[in-house]
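Below: the structure, in structure tokens.
The values are calculated or read from the model by the stated rules, or taken from the named source; none is laboratory data. Model, not experiment: these values are computed from the prediction. Quick reminder, even Gly has a Cβ in these numbers, built from the backbone with ideal geometry, and neighbours come from all protein chains shown.
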Amino acid sequence: MSAAASHEAPGRRQLVPFAALSATYFAHIGFFNPYLPLWLKELGLPLVVISLLTSVQSFTRVFAPYAWGALSDHTGERVRLLRFSAAVALASSAGLWVDGGAWWIGLVLLVLFTHTSSMMSLTEAAMAHLVAGDWGRYGRVRLWGSVGFMVTVFSAGAWFERFGMGHFPGWAAVTLAGVLACTLWLPDVREKSVHAHPRGEPVAPVLRKPVVRWFFASLLFHVMAHFAIYGFLSLYLDARGYGKGMIGALWAVSVLVEILWFFSQGRLLRGLPMTRWLWVCGAAAVVRMALTGAAADWLLALFIAQVLHALTFATHHTACIALVTEHFPGRLRGRGQALFTVIGYGLGGVTGVVAGGALASRFGFEAMYGAATALALAGTLCALRTDRLARADARQADTLGTAGQHG
């Protein structure tokens, strides 16, 4: 066996448990996120309360990623913390069986999401380090999360269509048990704590860079717009008369194209710089939100909108991870990944779900998707600015490099 092959094989073995954890985690998300609003609706809760309860996940993403990241940096016990989080989430899901009203459900979701919402941010930084810029390899690992999502979003839709939403807590317990099992499979490696290293680099100088600020602004608007899909698509389609099976099928379409993109992105992403992909994805998001809001009675339009998920999520996600890795290298990577989660899925998620619920409740879902279209447009404009600043920085670096060679 050659040295290169022997080096590659351990890398693959290291990535298999990450692929399994991604598959089971997103299998849990695949049933929980799309059908939580429908379960809450069956409990008789009003739309505003449903939007507040579904925003709990985004609320925990405002503080949980940084809290868990700091704790893992301090102790070096990243794997044990993942196992602890999975165990507490599984135990807390038992509370979903208790009929305690909206406040009780909110408390259960707060505990559950606090322990699950940062699991992927803890592993994304490690995966980005392992793949070392090979985004094709990253995609082939990450696609297993999409596979897990598709399996449960489709099977749960068929199950709930036939047996009703009463089995929702049982699905939560089974899928979280799978997550716990996969965390136990991860190699039990203790990372060096911060006490073994010199003081880390400050993050503030990176955040002062205009290209980084515009990148995070584009992320905020792009993800905020998408919570019209993540938080309300199932309710919207249900109100339009679509059955739970069809709702699940449309979710599955989006994840199927996501899988195909992740599998092929190693070749496809080479065509454009990551900052260029950022605004291409934003433009696709504008089209997706507009189609969903204006042509929901036309099944083909919904199909096209869901196919655009390959760009608006899969491509956008990889481009963002690549840019975070570029601007937050080395010991900055963990904080950069946490900022990605906090700004996009924390602040953007909370604002998107709460404001979206208020808009839909007062003016209807069409008005909410109109607002989402405007947010996607704002994200696209910020991404264009990011791309221009990145190209200007690259030209300046080339000029300085040339001057240095002649100096």
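Is there a residue being buried (at least 24 other Cβ atoms within 10 Å of the Cβ), more than 16 Å from the chain's Cα centre (by Cα) and of a type in the set (A, V, I, L, M) anywhere in region 285-296? Scanning region 285-296 turns up at least one residue that is buried (at least 24 other Cβ atoms within 10 Å of the Cβ), more than 16 Å from the chain's Cα centre (by Cα) and of a type in the set (A, V, I, L, M).
Can we say ARG362 is in a helix (DSSP H, G or I), surrounded by fewer than 22 Cβ atoms within 10 Å (Cβ to Cβ) and in contact with a His (Cβ under 9 Å, 6 or more places away or on another chain)? Give the derivation first.
Details: in a helix (DSSP H, G or I): yes; surrounded by fewer than 22 Cβ atoms within 10 Å (Cβ to Cβ): yes; in contact with a His (Cβ under 9 Å, 6 or more places away or on another chain): no.
Answer is no for this residue.
Give the number of residues within region 27-85 that are surrounded by fewer than 20 Cβ atoms within 10 Å (Cβ to Cβ), among the β-branched types (Val, Ile, Thr) and over 30 Å from LYS244 (Cα atoms). Going through region 27-85 one residue at a time, the tally reaches 2.
Assessment of region 267-276 against the conditions (surrounded by 24 or more Cβ atoms within 10 Å (Cβ to Cβ) and modelled with pLDDT of 90 or more) yields at least one matching residue. Might you let me know whether region 383-402 holds any residue that is within 30 Å of ALA67 (Cα to Cα) and either at pLDDT 90 or above or under 20 Å from the mean Cα position of the chain (by Cα) (or both)? Looking through region 383-402, at least one residue is within 30 Å of ALA67 (Cα to Cα) and either at pLDDT 90 or above or under 20 Å from the mean Cα position of the chain (by Cα) (or both). Within region 258-270, one or more residues are assigned to a helix (DSSP H, G or I) and within 27 Å of ALA355 (Cβ to Cβ). When you look at ARG335, is it basic (Lys, Arg), in contact with a Phe, Trp or Tyr (Cβ under 8 Å, 6 or more places away or on another chain) and touching a residue at least 12 places away in the same chain (Cβ under 8 Å), yes or no? Yes; evaluated as a whole, the condition is true for this residue.
One residue alone among VAL194, VAL189, VAL179, VAL174 is crowded, with 24+ Cβ neighbours inside 10 Å and either over 30 Å from ASP387 (Cα atoms) or at pLDDT 95 or above (or both), and that residue is VAL179. Taking the conditions exactly as written (under 26 Å from SER22 (Cα atoms) and surrounded by fewer than 24 Cβ atoms within 10 Å (Cβ to Cβ)), does ILE259 satisfy them or not? For ILE259, the condition - under 26 Å from SER22 (Cα atoms) and surrounded by fewer than 24 Cβ atoms within 10 Å (Cβ to Cβ) - is met.
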